[in-house]
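The values are calculated or read from the model by the stated rules, or taken from the named source; none is laboratory data. On a predicted model such as this, the values are computed, not experimentally measured, just so you know. All Cβ positions, glycine included, derive from the backbone under ideal geometry; neighbour counts span all protein chains shown.
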There are 2 protein chains.
Amino acid sequence: MRNASAIRLVGFDGDDTLWKSEDYYRAAQDEFERMLATYVDLDDVYQRLYAVEKRNLALFGYGVKGMVLSMLEAAFEITDGAIGSDDMHRIVLLGKSLLQHPVEQLPGIRDAVAAIAADHAVVLITKGDLFHQEAKVRDSGLADLFPRIEIVSEKDASTYARVLDEFGLQPHQFAMVGNSLRSDIAPVVALGGWGVHMPYHVTWAHEEEAEPIADGARVRRVLTPAEIPAAIRALGPA
Amino acid sequence: MRNASAIRLVGFDGDDTLWKSEDYYRAAQDEFERMLATYVDLDDVYQRLYAVEKRNLALFGYGVKGMVLSMLEAAFEITDGAIGSDDMHRIVLLGKSLLQHPVEQLPGIRDAVAAIAADHAVVLITKGDLFHQEAKVRDSGLADLFPRIEIVSEKDASTYARVLDEFGLQPHQFAMVGNSLRSDIAPVVALGGWGVHMPYHVTWAHEEEAEPIADGARVRRVLTPAEIPAAIRALGPA
């Protein structure tokens, strides 16, 4: 417990840290590729879809609805207009089912958050679509552990600085737990905070385009939620 | 200035109160109706679209992206699948242009907000898509007047109660300025607050489905932004 007092606030990411998410996106993308395979014989359909998503990110932001709109645009472009409107409609329905999937906690995450909340203030910081993220928080069975929930449009250093400002804390008093080096760890470390990186078994291409971490000594890597409390205790100045 | 001291915080709605919005949605819906007229001869296309939007509201929330997905679903249903994928694609592009339209301040609104901000704390409370609303606030040229901006998924009594709680205020110390009786005025009055209703020249059908206002004496109606400061001064206990 040596340095536990140095960390005053622990932030948790939502998607793929508290609950499953990327698996559902992957399944939708697989379905998209199968659909397009009836029109075109290409082995880079996913890369073409991602290129459209990426170009639309500044207009749509993150989340299912933007992804579905990008899928529709990509489907039309990739098939050179040959796609049928029935398949366009199926893509819309695919998006609706993605918005309705149940929210599945990662095994052990509830105990880990509860253990940390016993000693620290905790906050859930999740990015994406406000409406869908609120629904996921509500359905997750974890909302009772988080007195404060921040749903943000982008997780960069300025967003984390604003959140810390609202809590009246300095970066060195803050640790963020999440699966994405790009969104959860790198910007917090760049500010002078701490990170606990818990990789998920699948990572969206966009989250993999990470800047190198400025100071690796400020980051612990864990493999399961059960390891998070000890990792938080191990953080902080020696 | 008799009762000005009773009101401590003035909230402003965004869409159709600070800047134009519904006009752009209407133009997109008109375009949708023209497109479908080449497939079907119906005079209730707009009502059918609204029925689809309304049924999807619990899944999509408010905003352009959800509206576009509902348009695609409605287009397929209304034409019984006859719509071409080229027109489905055009609907996606219509949505993208809607997300890129310039943000146009309502004439006189900047002066009105500045006059009120001289005597009261002010907050912008807007609902809809987080990403698009943040972009509109940024592009509006009004962000500097609002130290606090709340983007919420629904404007009901519980949302206003949460915002007032964050400000440490009682409802009778709060007045909300907006164009929608349903979203801006009725829930605030129901809590015991005050309202300044400034109707816009077009109102979305959903916003017109309003509960009757509990206490009309707590609401002033104005026709232009220039009238808002005097309406705020006239509010409060006699």
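Can you say whether A:GLU104 is in contact with a Ser or Thr (Cβ under 9 Å, 6 or more places away or on another chain) and among the acidic types (Asp, Glu), as far as the supplied structure shows? Break it down stepwise before answering.
Details: in contact with a Ser or Thr (Cβ under 9 Å, 6 or more places away or on another chain): yes; among the acidic types (Asp, Glu): yes.
In short, yes.
Looking only at segment A:30-69, count every residue that is touching a Ser or Thr at 6+ places or on another chain (Cβ under 6 Å) and assigned to a helix (DSSP H, G or I) and tell me the total.
Summing the residues that are touching a Ser or Thr at 6+ places or on another chain (Cβ under 6 Å) and assigned to a helix (DSSP H, G or I) in segment A:30-69 gives 3.
Have a look at B:ALA112, B:ALA118, B:ALA135 and point out the one that is small (Gly, Ala, Ser), out of contact with any Lys or Arg (no Cβ under 9 Å at 6 or more places or on another chain) and surrounded by 20 or more Cβ atoms within 10 Å (Cβ to Cβ).
Only one candidate qualifies: B:ALA112.
Looking at segment B:63-72, which of the residues that are facing chain A (nearest Cβ under 7 Å) and free of Cβ contacts under 8 Å to residues at least 24 places away in the same chain is surrounded by the most Cβ atoms within 10 Å (Cβ to Cβ)?
B:LEU69
On the basis of being within 11 Å of another protein chain (Cβ to nearest Cβ), surrounded by 15 or more Cβ atoms within 10 Å (Cβ to Cβ), touching a residue at least 12 places away in the same chain (Cβ under 8 Å) and assigned to a helix (DSSP H, G or I), does B:ALA75 make the cut?
Yes, satisfied.
Only one of A:ASP111, A:ASP13 is assigned by TED's automatic domain parsing to the domain that holds A:SER180 and within 16 Å of the chain's Cα centre (by Cα); which?
Criteria check complete, one pass: A:ASP13.
Please count how many residues of segment A:217-238 are crowded, with 16+ Cβ neighbours inside 10 Å and at pLDDT below 75.
Selection size over segment A:217-238: 1.
Run down B:LEU130, B:LEU142 and say which single residue is buried (at least 18 other Cβ atoms within 10 Å of the Cβ), out of contact with any Asp or Glu (no Cβ under 9 Å at 6 or more places or on another chain) and not β-branched (Val, Ile, Thr).
B:LEU142
Return the only residue of A:VAL196, A:VAL189 being closer than 15 Å to A:ILE7 by Cβ, in the same structural domain as A:ALA112 (by TED's automatic domain parsing), free of Cβ contacts under 8 Å to residues at least 60 places away in the same chain and outside any strand (DSSP E or B).
One residue alone meets the criteria, A:VAL189.
Could you tell me which of the residues A:ASP87, A:ASP129, A:ASP119 is among the acidic types (Asp, Glu), assigned by TED's automatic domain parsing to the domain that holds A:LYS54 and either touching a residue at least 40 places away in the same chain (Cβ under 8 Å) or more than 30 Å from B:SER85 (Cβ to Cβ) (or both)? I'd like the intermediate steps shown before the answer.
Details: A:ASP129 fails: assigned by TED's automatic domain parsing to the domain that holds A:LYS54; A:ASP119 fails: assigned by TED's automatic domain parsing to the domain that holds A:LYS54.
On inspection, the qualifying residue turns out to be A:ASP87.
Is segment B:205-216 home to any residue that is buried (at least 20 other Cβ atoms within 10 Å of the Cβ), farther than 29 Å from A:LEU59 by Cα and assigned by TED's automatic domain parsing to the domain that holds B:ARG8?
No, there is no match, as no residue in segment B:205-216 is buried (at least 20 other Cβ atoms within 10 Å of the Cβ), farther than 29 Å from A:LEU59 by Cα and assigned by TED's automatic domain parsing to the domain that holds B:ARG8.
Just one of (1) among the aliphatic types (A, V, I, L, M); (2) more than 30 Å from A:GLN29 (Cα to Cα); (3) in contact with a strand residue (DSSP E or B) (Cβ under 8 Å, 6 or more places away or on another chain) trips up A:ALA161, so point out which.
Of (1) among the aliphatic types (A, V, I, L, M); (2) more than 30 Å from A:GLN29 (Cα to Cα); (3) in contact with a strand residue (DSSP E or B) (Cβ under 8 Å, 6 or more places away or on another chain), only one is false for A:ALA161: (3).
What are the residues in segment B:86-133 that are touching a Pro at 6+ places or on another chain (Cβ under 6 Å) and at positive phi, if any?
Passing the criteria: only B:GLY108.
When segment A:123-156 is examined, which residues are found to be among the hydrophobic types (A, V, I, L, M, F, W, C) and either more than 13 Å from every other protein chain (Cβ to nearest Cβ) or in contact with a Phe, Trp or Tyr (Cβ under 8 Å, 6 or more places away or on another chain) (or both)?
If the condition is that a residue be among the hydrophobic types (A, V, I, L, M, F, W, C) and either more than 13 Å from every other protein chain (Cβ to nearest Cβ) or in contact with a Phe, Trp or Tyr (Cβ under 8 Å, 6 or more places away or on another chain) (or both), then A:VAL123, A:LEU124, A:ILE125, A:PHE131, A:VAL137, A:LEU142, A:ALA143, A:LEU145, A:PHE146 are the ones that fit.
When the residues of segment B:46-62 are filtered to those that are touching a residue at least 60 places away in the same chain (Cβ under 8 Å) and surrounded by fewer than 23 Cβ atoms within 10 Å (Cβ to Cβ), which remaining residue is nearest to the other protein chains (Cβ to nearest Cβ)?
B:LEU57
Take the residues in segment B:78-106 that are acidic (Asp, Glu) and within 8 Å of another protein chain (Cβ to nearest Cβ), then tell me which one is surrounded by the fewest Cβ atoms within 10 Å (Cβ to Cβ).
B:ASP86
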